[in-house]
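Note sheet for the following structure.
The values are calculated or read from the model by the stated rules, or taken from the named source; none is laboratory data. These numbers come from a predicted model, not from an experiment. Quick reminder, even Gly has a Cβ in these numbers, built from the backbone with ideal geometry, and neighbours come from all protein chains shown. These area figures cover heavy atoms from the full protein model, side chains too; ligands, DNA and RNA do not enter into them. Shrake-Rupley method; radii C 1.70, N 1.55, O 1.52, S 1.80 Å.
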Amino acid sequence: QVQLVESGGGLVQTGGSLRLSCAPDGKLFSIESMGWYRQVAGKERELVANIANDGTTDYKDSVKGRFTISKDNARDAVYLHMNSLEPEDTAIYYCNARARRYSTWPVLALWGQGTQVTVSS
């Protein structure tokens, strides 16, 4: 079972920056897209940013201009560069990938374990 491994969360002051990283701990046959979601206790998990295999990106409106998603195809890794952080960005951030483990397998959704991002005011 391939899992996504995240790193880079932490505590930062308002206006600060963090970079989240995510990569699978095993080999995948193909990846259609990778992204970052976040969740606050009592609320649904929401999409923050997504990057497709062709490089097309999509962002939640409230993070546009502040967050940048990028990927390293050689490492099957995805990154989230977060600038001008606000207390409202405080959440657990989850990495997601839509990928095939083997060529004969269907596309599956893989998730990381989550990493806490806390922005103090």
**Item:** the range 71-105-the range 34-51 distance, computed between alpha-carbon centres (Å)
**Value:** 10
**Complete:** Note on the chain: C-alpha Rg/Rh, Kirkwood Rh, two decimals, gives 0.97
**Item:** Accessible area expressed per residue, the range 26-99, with surrounding protein chains retained (probe 1.4 Å, Å²)
**Value:** 52
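Taking the Cα centre of the range 28-96 as origin, sum charge times position over the Cβ atoms of Lys and Arg (+1) and Asp and Glu (-1), and report the length of that vector in debye to the nearest 20.
On the way: 8 positive and 11 negative charges, 23 e Å.
Taking the Cα centre of the range 28-96 as origin, the dipole is about 120 debye.
Pop out the carbon and sulfur fraction of the accessible area of the chain as a percent, whole number, probe 1.4 Å.
On the way: 3120 of 6620 Å².
Ligands and nucleic acids excluded, carbon and sulfur give 47 percent.
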**Prompt:** In nm, to one decimal, how far is the Ser62 label point from the Val2 one, both placed 7 Å along Cα→Cβ?
**Reply:** 3.2
**Request:** Considering the options Tyr93, Leu108, Ser121, tell which one lies farthest towards the positive end of the dipole of the chain, charges being +1 on Lys and Arg and -1 on Asp and Glu at the Cβ, about the Cα centre.
**Result:** Leu108
